[in-house]
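S.K.: Structure incoming, see below.
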Amino acid sequence: MSDLHEELRYRIESLERQVRSGRLVSAALVAGMLGLSLASWTSSAQDARIVRVRTLIVEDEQGRNRVILGAPVPDLKGGGRISPSVGLVINDPDGLERFGLGLQASGRMVMGFDAPQGTGDPRNRERINIVADASGGAYIRFVNRETFMPGRLILDDKDQFYLEFLDFPEGKTISRRIGFKGEERVESTR
């Protein structure tokens, strides 16, 4: 009988070791699966906060393009842009640009405000431009209804700041600059 007891005890101990090993392997598998699931869920949650697009168009309730954000901003009306730019455009209900903000390939940053259609020469509805140019200068330009620039504030390439008034009598351009160093008048032919 003692041999039978010995054999049964050996078998029971062997089964107990196998059960313990099975529990450890099962626990490790469950822990691994939970870890992978948690890692997958966490990265999905982070990715859900980022939307990657080249162009985003916001339409109004009639389906008209009202806000366009792009890299580059597309020329949807075919009016031609000075330069491809990364930026933002806001259109009026007729689809005409009224505000634009863009970083051009040259490094020039431009913000422009346009007048409504029918308020001046249709060739250029721009009225105010704010520019930080590629060489570190800056200006605010005002454009009248006849597409002429009657004035601007300038920070030039020599870091001189001045107010410039412009007049365009027939065949001439007259500039009057007022700055810290005084007043300067320049006349040239066009």
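Taken together, the values in this text are just the output of simple stated rules run on the coordinates, not laboratory data. It should be emphasised that the depicted structure is a prediction, and the values quoted were computed from it without experimental measurement. Reconstructed Cβ throughout: ideal geometry from the backbone, glycine too, with neighbour counts over all protein chains shown.
S.K.: In 10 Å bins starting at zero, report the fraction of Cα pairs in segment 53-116 per bin as a rounded %.
M.R.: 22, 57, 19, 2
S.K.: Quick check: pseudo-label points 7 Å beyond the Cα along Cα→Cβ at PHE168 and GLN62, how many nm apart are they?
M.R.: 3.3 nm
S.K.: Using modelled backbone amide H atoms (1.01 Å from N, in-plane), which distant-in-sequence or interchain residues come within less than 5 Å of GLU126's amide H?
M.R.: Residues meeting the amide H criterion: ALA115.
S.K.: Specify whether the C-alpha gyration tensor of segment 106-190 places it in the rounded, prolate or oblate class, a ≥ b ≥ c being the square roots of the eigenvalues: rounded for a/c under 1.5, otherwise prolate if a/b is larger than b/c and oblate if not.
M.R.: On the way: a/c = 2.21, a/b = 1.16, b/c = 1.90.
It is oblate, given that a/c is not under 1.5 and a/b is not larger than b/c.
S.K.: Tell me the label-point distance for the pair ASP156, VAL186, using the 7 Å Cα-to-Cβ offset, in nm and rounded to one decimal.
M.R.: 0.5 nm
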